[in-house]
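Engineer: Have a look at the structure that comes next, please.
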């Protein structure tokens, strides 16, 4: 049975964007608005494997929930480090801790920005401010905190 799933995944590697959208809708019951082919492929491949193997156990889900509630540095203020004097973190306390991924949906496309220690990473490039990334995405000047809803 696993060979069938592997064959489906291999076949999807060469599928067109429309075929991936169709396969996504069949598996998830809804259309995906993503515009990136690799994203769709990965989601579909993961779901096929999940259906084959049964997914994550209820015990593992329960344990993950416990760990998140206890150790989540984003939502648990006890674990948030005090700001250090660096360009990115000293400007505004609205910035999440380094390592956090900020997502923004703009005009139907999802944009992903990673917060680094002193700057930000977007699309494989390093930027000194969120405003610079917002300008790259929109083509016009935006307040970075406002654009990313921080």
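The values are calculated or read from the model by the stated rules, or taken from the named source; none is laboratory data. Everything numeric in this text was worked out from a predicted model, so none of it was measured. Note: ideal-geometry Cβ built from the backbone for every residue, glycine included; neighbour counts use all protein chains shown.
Engineer: Out of 23, 34, 15, report the one residue that is in contact with a strand residue (DSSP E or B) (Cβ under 9 Å, 6 or more places away or on another chain) and either closer than 25 Å to residue 111 by Cα or exposed (fewer than 13 other Cβ atoms within 10 Å of the Cβ) (or both).
Structural biologist: Values: 23 fails: in contact with a strand residue (DSSP E or B) (Cβ under 9 Å, 6 or more places away or on another chain); 15 fails: in contact with a strand residue (DSSP E or B) (Cβ under 9 Å, 6 or more places away or on another chain).
From the options 23, 34, 15, the qualifying one is 34.
Engineer: Quick one: which of 78, 82 is outside any loop (DSSP other than H, G, I, E, B), at pLDDT below 85, outside the structural domain of residue 34 (by TED's automatic domain parsing) and more than 16 Å from the chain's Cα centre (by Cα)? First the steps, then the outcome.
Structural biologist: Values: 82 fails: outside any loop (DSSP other than H, G, I, E, B).
Sole residue among the options that is outside any loop (DSSP other than H, G, I, E, B), at pLDDT below 85, outside the structural domain of residue 34 (by TED's automatic domain parsing) and more than 16 Å from the chain's Cα centre (by Cα): 78.
Engineer: Another question, if that's okay. Please find, among 59, 66, the residue that is out of contact with any helix residue (DSSP H, G or I) (no Cβ under 9 Å at 6 or more places or on another chain) and at pLDDT 90 or above.
Structural biologist: From the options 59, 66, the qualifying one is 59.
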